Structures are given as C-alpha cells and as structure tokens.
1. Hey, does the stretch 288-297 have a residue that's surrounded by fewer than 21 Cβ atoms within 10 Å (Cβ to Cβ) and touching a helix residue (DSSP H, G or I) at 6+ places or on another chain (Cβ under 8 Å)?
2. Out of the residues in the stretch 39-95 that are of a type in the set (S, T, N, Q) and assigned to a helix (DSSP H, G or I), state the one that is surrounded by the most Cβ atoms within 10 Å (Cβ to Cβ).
3. Test each condition in (1) basic (Lys, Arg); (2) assigned to a loop (DSSP other than H, G, I, E, B); (3) over 27 Å from the mean Cα position of the chain (by Cα) for residue 336 and report the one that comes out false.
4. Can we say residue 354 is basic (Lys, Arg), modelled with pLDDT of 95 or more and out of contact with any helix residue (DSSP H, G or I) (no Cβ under 9 Å at 6 or more places or on another chain)?
5. Being within 30 Å of residue 254 (Cα to Cα) and basic (Lys, Arg) narrows it down to one residue among 327, 354, 341; which is it?
6. Here are 101, 108: which of them is assigned to a helix (DSSP H, G or I), crowded, with 21+ Cβ neighbours inside 10 Å and in contact with a Gly (Cβ under 9 Å, 6 or more places away or on another chain)?
7. Within the stretch 233-255, is there a residue that is of a type in the set (Asp, Glu) and crowded, with 16+ Cβ neighbours inside 10 Å?
8. If the requirement is being closer than 30 Å to residue 416 by Cβ, surrounded by 14 or more Cβ atoms within 10 Å (Cβ to Cβ) and of a type in the set (Asp, Glu), which of these qualifies: 123, 155?
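The values are calculated or read from the model by the stated rules, or taken from the named source; none is laboratory data. Just so we're clear, the structure is a prediction, and the values are computed from it rather than from any experiment. Heads up, the Cβs are rebuilt from the backbone with ideal geometry, glycines too, and the neighbour counts pull from every protein chain shown.
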Amino acid sequence: MKTTMLHTLLGAATLATAATAETSAVARGINAFGLDLHRVLAEDGGNRLASPWSIQSALAMTYAGAAGKTKEEMAKVLHFTADETALHAGFQAIAADLSEQARGSREQLDAPGRSGGPNTPLEINAANRLFGQDGYPFEKPFLEFIEKSYGAPLEKMDFTKQAEACRGRINQWVEEQTKDRIKDLIPPGLLDEETRLVLTNAIYMKAPWAAEFVEDAEAPFFVNGVKEVKLPGLVKRESFGYRKIPGGALVSVPYAGGGLQFLLMIPDEKDGLAALEKTLTAGVLTEAAALPPQDIRLHFPKFKLEPESILLAENLTAMGMPSAFNKPRGSADFSRMAPRKPDDYLCISEVVHKAFIAVDKHGTEAAAATAVIMARATSMPVEPAEPLEIRVDRPFAFAIQHVSSGACLFLGRVTDPR
C-alpha cells in the first residue's frame, strides 16, 4: 500500500473589523491552539516565536480535505468549531479584514488635508497557494473550494522528477510574499519524488505604532531572569490598555488605525515567565483585545527574533492528531482531497514553520511561513494622579493581536532581547 503525503505551507502575518460569530469562534481556536503550541515550544526555554494564525490557516486548508477519524483528531487538536462552514468563513473574514485594513491605511495616508499620525501605511499581505503534482487526481470540489475560500490557486509541479527545483520555487514564492523576511522555509530533503501537494500560506505585516516611542540607550534587562544587562529600549507615556492578572500584568499598545495591537504579558517576578505562561488561557488572550485604558509610562526593550525553521510533525502527533501523519500505518484519511486507494492515499509527512519579528520605536515588522508536507507512504507497519510606571526588564511573553476578533496572529516570548 502506498500513501501520498501532503505538504501544507503557511507564511507571514497581519490583521482588523467588527467581530462576527464566525470570526470570534475562529479567534478562540487560534488562541487556544497557539497557547498549546507555545507551551510545548517554551519547554526548552529561550526566545520563541510562532504565528498561530499562519499555522492554523494552512492546517484549515488541509482540514478541508480530511475525513473520518483524521478529521475528528485535527478538529480537537486545532480547536476547530463543529460547524465547518462557519470555520472556513471565519478564516476568510479575518483574511479579508486584514486586506481591508491595509487598503484603508493607504487611503488615509493619501487623503488631502491630512495632518498628524504615522507617515507610513500599515502593510499587510496574506496569500495562499497550492503546489500540486501535475496529473495527480485531486478532487475537483476540493480545489475549487480552496481557491474560492482561501484564494489559493493550484500551481502544477513535477515533484517526481524535480523535487529540489520544486522546493526552490515554493521557497521563492514564500520569500516574495514576505518581502524576503522568510527565506528557505523548506529545508533540503523534505520534498522528494513521493510529494504530491504543498498547501501554502504566507503572511507579512509592517505596522507603525499609533504614536512612536522614544529610544532609551541603556535600558536594564534581566536576561533569563538572572543576569542584568543594559540594552537599547523604548519608552513612552500614553494611555495604554492595562489589566492585572494572577502572576503578572497585560499591557496593550495600539498600532496605527487601531485594528491591531501589540500585547505584552509581563510576570511580576524576574524569573516568573514560565509560571505566568501556565496561567494564560484562550479567554485571557481574547479578552485582552479590549483592555481598560490606563495612564502608563511604559519601558520595554527593542528586539528582533529570527529563529530557524521548526518541524512540528512530532509535536502535533503528540498533541493528539497521529492519524493525519499516518500513525498507525493506513490510518490517514484525506479522501475529500484526493481518492483514497489501498495502495495510494494522502497523509501529512511534516509541518514546517518559520517566523520573524522586529520591534523598534517606529513599530513592528513580522512575517511567518509554514509547510505541511504530504508524501507517498507504503502499507508497511483606580487611576493614580501619576502614570503607572511599567518596566519590562525581565523575560516576557508577547502577541500581535487582531483587535476586533481577539485572534493572536503572532505569539512568542523573549528571555534575551540581545
């Protein structure tokens, strides 16, 4: 028995309008899955960065082709709603809102008589594409649905004879969509002659703050919660969103236009990040989209994270969706994507993710990409008068959040900003 494995790719991120029942449900799922994965990745400590939105988007396209137990397991792990129509509509609505937010920002910047505000527009690009083996019998309804709902056309490839060239083409597409911030998403060796499909999502954002920060040349920071160092920081007094939570505090910083925000999750203790992360819930993140305003003088470090590609198959299997990866042999069911034959069917071989973020006095630039790789297998076995002073001088967690839905586009942690 031979099994064809699917590669699903996700990319770089950004977001913005009034939340609907569909977008709210999708946002809760993104945040719940994002926290589950964040905790797994944070077990090894250090700086971490991922885009739950990007990973979820690519796996939502993959989910549209799943059936039976495979579909059930994916829904549970990914926190997808039971109403599949509403699920895909929610992803579609958030993606459309991202595009609309960027368009509105450009128009506002070009408006005659404009005065004040950032001099650069909000940039957002969210794109999807399928890279499929030429001649493989993909189900026509699946291809039509993915192109209509996710704007992902099928680009025909020849993995059987030119797998390395196909890898170069897919990586090139990701680089183009993320303005070269995500390079070499798929490492050598992950695509081969058994590859049949790579579903890709790329998302990129460059967002100016609603009001710029001032640079602080020597801000203190306790690296890993222990060693104090001096490094470049940012400071500003402003009305920011604020809420005290058990073990720490939440502070939200708006980007221009108000549709996106940067969320800081700051532990009370210098070595308290791990404990704080354990208390976070999807509800806490979703509700953080509307924190009450507080007069704050905020200090936090400039930082830039560029981790290498991470392989998620082992993590996702352990989290509870083994059949998608054909474990045990013969269990993968993506029969809504392509015919499932005893000797030829689809399963996921790997999920690859890569992200980037840079935060400075002007704003934030961020991007992410993910690849779900499917290949062929066999049948073998109270406000004070003075502003509240908040110094982020210790390891902290952060998110870039879509305000109207509460969805976290990016989620990460910083233990060493250097």
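1. So far as the stretch 288-297 goes, no, none of its residues is surrounded by fewer than 21 Cβ atoms within 10 Å (Cβ to Cβ) and touching a helix residue (DSSP H, G or I) at 6+ places or on another chain (Cβ under 8 Å).
2. Among those residues, the one meeting the criterion is 57.
3. All conditions are met except number (3).
4. no
5. 354
6. 101
7. yes
8. None of the other options fit; the residue is 123.
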